[in-house]
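Scroll down for the structure; my scribbles are underneath it.
The values are calculated or read from the model by the stated rules, or taken from the named source; none is laboratory data. Keep in mind the model is a prediction, meaning the values are calculated, not measured. To get the accessible areas, we keep the full protein, side chains included, count just its heavy atoms, and leave off ligands, DNA and RNA. Shrake-Rupley method; radii C 1.70, N 1.55, O 1.52, S 1.80 Å.
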Amino acid sequence: MGNVTEAKKGATVSRRSFLKWSAALAGSAALVGCMPVSSGGSAEPAVAQAGERHLNAEILPTICWHNCGGRCQIKGQVKDGVLLSITTDNEGPDTPDNLQARACLKGRAQRQRLYHPDRLKYPVKRVGERGEGKWERISWEEALDTTASELKRIIDQYGNESVHYIYASGVGGAFNQSYMGGPTGRLLNCLGGYLSFYGNYSQANYMYAIPYMFGSPYGGSSPTTFPDAKLIVMFGDNPACTRVGGLNSTYYLKLAKQNGVKIIVIDPRFSDTASTFADQWIPIRPTTDSALVAALAYIMLTEGLHDQAFLDKYCVGFDDAHLPEGVPAGNSYKSYVMGDSDGQPKTPEWASSITGIPVDTIKQLAREIAGVKPVFFIQGRGMQRHANGEFQALSVPILAFMTGNVGILGSNPGLYEGFTPVRMGSYPAGANPVEAKISFFMFTDAIEKGGNHTKESSGLQGADRLPHGIKFIWNYGGNALVNQHSDTGRTTALLKDTSKCEFILGIDNFMTPSMEYSDIILPDITQFEQEDIVTRALGQGLALYGRKLVEPMYECKGVYEICLELAKRLGVQDKFDEGKTQEQYLREAVAVAQEAQPDFPSFEEFREKGIYKTKPSKIVAYEAFIKDPIANPLPTPSGKIEIFSKTLYDMNRPDEIPAVPKYIEVKEGPRSPLREKYPLQCIGHHSKRRVHSTFDNLPWMEEAEPQRLWMNPQDAAARGIKDGDLVKVYNDRGTVKVKVKITPRLIPGVCSLPQGAWYTPDANGVDIRGCINTLTTWEPTKLAWGNPQHTNLVQVEKA
């Protein structure tokens with residue numbers, strides 16, 4: 001028995017492995033360590049420099065399989081079983097028809113992950129309270145026996161609905177998949193199924209709401225059409241940092257600039273995208289985008305700048321004349337904008353008091369949008385990650401409808417980017433016999449409420465009520481159990497109660513904050529210790545093959561091997577095991593790709609080269625619908641764009657779930673009475689140094705962008721705070737201590753704490769790393785049961 005520090009001493013490796021890894025590991029044999037970038041031992045070998053060609057080294061293609069927008073190619077230089085350095089795609093001329101899939105700083109730092117001294121190295125079991133950090137090294141036999149026994153006991157006692165395969169996104173291959181499916185999904189399906197989820201932390205509110213308007217959450221124009229626009233208006237979109245629009249979306253912004261396209265960025269922050277590409281930055285208070293849209297609509301209506309013919313032909317519910325049958329007048333979007341329904345015209349003056357945007361700027365923006373075609377409207381994921389996020393997301397397309405910017409080259413109706421997919425097969429997980437699904441964001445509710453987690457109270461789908469709540473959690477490659485979920489203090493307090501969730505299995509590469517709350521932890525291999533395939537599809541489709549670069553380190557095992565061993569112990573090996581190797585499954589995946597894409601190479605060629613690209617194509621959102629709406633109706637009840645949703649109207653909750661995209665005041669918004677106590681809005685932007693929480697423990701990433709609270713100079717001066725000071729950020733949910741970055745790149749009244757830092761509470765429960773979810777709330781959004789993690793009020797003081 002021993003705590004983390006004591007357990008570190010027990011690691012052993014063979015002499016041969018030690019000699020192979022010594023240059024990379026600097027002799028370290030540490031087991032775990034939750035505090036990022038603080039462990040001893042360098043991950044950087046004296047012999048390796050990124051991009052340098054090593055004598056007699058073999059260059060092999062590999063992959064970044066984490067949850068970002070890029071999925072770029074990286075290549076490993078391997079010699080004598082050691083990864084010496086990482087390069088990236090440099091094949092062929094880098095031309096518009098053959099854009100290279102170049103890795104960012106995170107991809108180029110992957111070697112630090114592989115050889116990090118804090119890699120989990122062997123199975124451990126909890127011997128203290130959950131989260132206490134006391135672990136005992138155990139054998140694989142004991143770990144697998146215990147896990148199988150607990151899984152069987154809980155299924156027998158509570159039923160399959162009590163087993164939850166929790167949201168995770170750290171592993172994203174065709175064979176290995178932490179986001180449902182994969183070997184884990186197959187094993188649990190063989191056992192009778194499991195409680196799955198709907199939605200995700202990235203875009204739950206958008207994905208749930210947009211189908212009420214368009215019938216589907218997908219369908220935007222591709223970034224390749226940026227250069228064909230006359231104007232690009234970006235609501236909170238930051239592809240220069242997040243790469244959400246695809247690995248080369250910023251290249252097309254560059255081409256747009258060269259073509260003379262004006263780019264306007266509306267964002268509380270002067271983001272990397274705004275600073276690099278924007279002709280105009282319009283800072284806006286968080287949660288208020290739909291108020292801005294309403295005021296823009298008001299100007300267009302009162303000045304006769306809108307396209308009434310487009311609205312009449314393609315839309316339902318813009319005005320009272322086009323409401324669904326049986327809906328009383330006064331419920332249309334125009335009635336809302338003009339104040340007919342609530343007595344408040346949505347004038348620029350009204351919106352300015354809410355958004356913080358000057359009246360003249362609102363008028364200028366409305367006239368500029370209405371005065372040119374085509375306009376490419378696009379929204380980022382952040383603006384819907386609010387308490388009113390569904391209606392933030394639904395509001396932006398209104399501008400495209402009012403100006404007829406749908407279905408023409410260079411336009412986009414405010415939707416996420418469209419894509420050209422590369423169809424690829426995947427590991428056959430099979431069908432889940434359990435129909436019940438919870439919202440990804442409501443797993444804590446399903447633990448806390450048990451059998452009182454219902455359709456009405458908690459957004460349960462596929463059943464009216466959970467019989468017992470969640471009793472077993474399978475957490476593979478994920479940090480959403482604690483770190484990426486809201487209110488880490490409340491969440492960890494819940495997880496400590498083993499009478500509620502009785503067993504938590506963790507499988508990962510590191511002792512993340514979520515792994516700290518496991519009962520058994522199994523050390524996973526990385527993508528460099530096995531073979532897999534990833535795909536990405538936006539303006540250009542991409543498929544990447546990842547070769548095995550090194551042998552699995554320490555006692556680490558892949559999830560397929562783990563699931564196979566559990567299948568044997570649980571009596572379902574005959575159902576789980578098809579007698580195929582991992583390579584055979586990957587060959588089957590490639591066969592699917594070859595059938596779908598006639599020019600897809602042979603398995604051997606794909607494995608050797610490691611990359612397949614489609615030619616960049618131009619996707620125009622809803623082009624067929626606009627050309628012939630009768631022959632190509634939308635999958636909505638009316639077959640048209642539904643600005644007014646009869647389905648939402650029939651829910652009869654107009655103050656929380658309006659039938660048109662209204663501005664909804666939120667509890668922790670810019671005009672909340674709570675601002676007397678907590679005067680600053682606090683958001684959590686994505687940082688270039690992390691993919692969500694992945695890479696937070698890498699020294700290079702800390703060097704590139706240290707974790708800091710962004711704060712406007714006016715707010716800092718009022719508090720006597722200087723750049724680099726240690727500050728205390730707090731509200732009723734928790735307290736964070738972090739250094740501050742004073743910058744005018746943020747609107748006054750707003751601070752931003754980059755999301756993804758590893759939750760590291762001190763003895764008093766104060767996070768000392770900068771985890772924003774110490775400050776966020778469990779309360780879900782009203783329609784999607786999604787995450788409102790950018791909607792927070794806080795106070796900041798000098799620590």
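Just a few scattered comments:
- Separation of segment 413-483 and segment 303-382, taken as the distance between their Cα centroids, equals 35 angstrom.
- Accessible surface for the chain, divided over its residues, is 35 Å² per residue with a 1.4 Å probe.
- Taking every alpha-carbon pair under 8 Å whose residues sit at least 6 apart, the chain reaches a relative contact order of 18 percent.
- Rg and Dmax, both from the Cα atoms of segment 197-283 and both in Å, are 14.0, 45.
- Straight-line cross-link reach from residue 471 at under 19 Å between alpha-carbon atoms covers these aspartates and glutamates, not counting any fewer than eight positions away in the same chain: 129, 145, 150, 156, 161, 435, 445, 448, 497, 502, 516, 519.
- The Rg/Rh ratio for segment 669-749 is 0.99, where Rg is the radius of gyration of the alpha carbons and Rh is the Kirkwood radius.
- Residue pairs exceeding 20 angstrom between C-alpha atoms, taken from 230/257; 677/782; 437/662: 677/782; 437/662.
- Lysines with Cα under 26 Å of residue 79, excluding same-chain neighbours fewer than 8 positions away: 20, 106, 121, 548, 557, 609
- Tail fraction, Cα-Cα pairs, segment 459-599, threshold 27 Å, whole percent: 42 percent
- Ratio of Rg to Rh for segment 305-382: 1.01 [Cα atoms; Kirkwood radius as inverse mean 1/r over pairs].
- Relative contact order [Cα under 8 Å, 6+ residues apart], segment 181-298, whole percent: 18 percent
- Taking only protein heavy atoms and a 1.4 Å probe, the accessible area of the chain is 48% carbon and sulfur.
- The mean sequence distance of close C-alpha pairs (under 8 Å, at least 6 residues apart), as a share of the length of segment 262-352, puts its relative contact order at 23 percent.
- Normalised alpha carbon radius of gyration of the chain [divisor 2.2 N^0.38 Å]: 0.94
- Over the residues of the chain, the helix contribution to mean residue ellipticity at 222 nm works out to -7500 deg cm²/dmol, using -39500 (n - 2.57) for each DSSP H run of at least 4.
- Residues whose amide H lies under 5 Å from that of residue 307, counting only those 5 or more places away or on a different chain, are 403, 404; hydrogens are built 1.01 Å from N in the peptide plane.
- Amide H to amide H distances under 5 Å link residue 798 with 728, where only residues 5 or more positions off or on other chains count and H is placed in the peptide plane.
- Over 21 Å between alpha carbons, listed pairs 373/627; 500/575; 75/613; 262/640; 262/373: 500/575; 262/640
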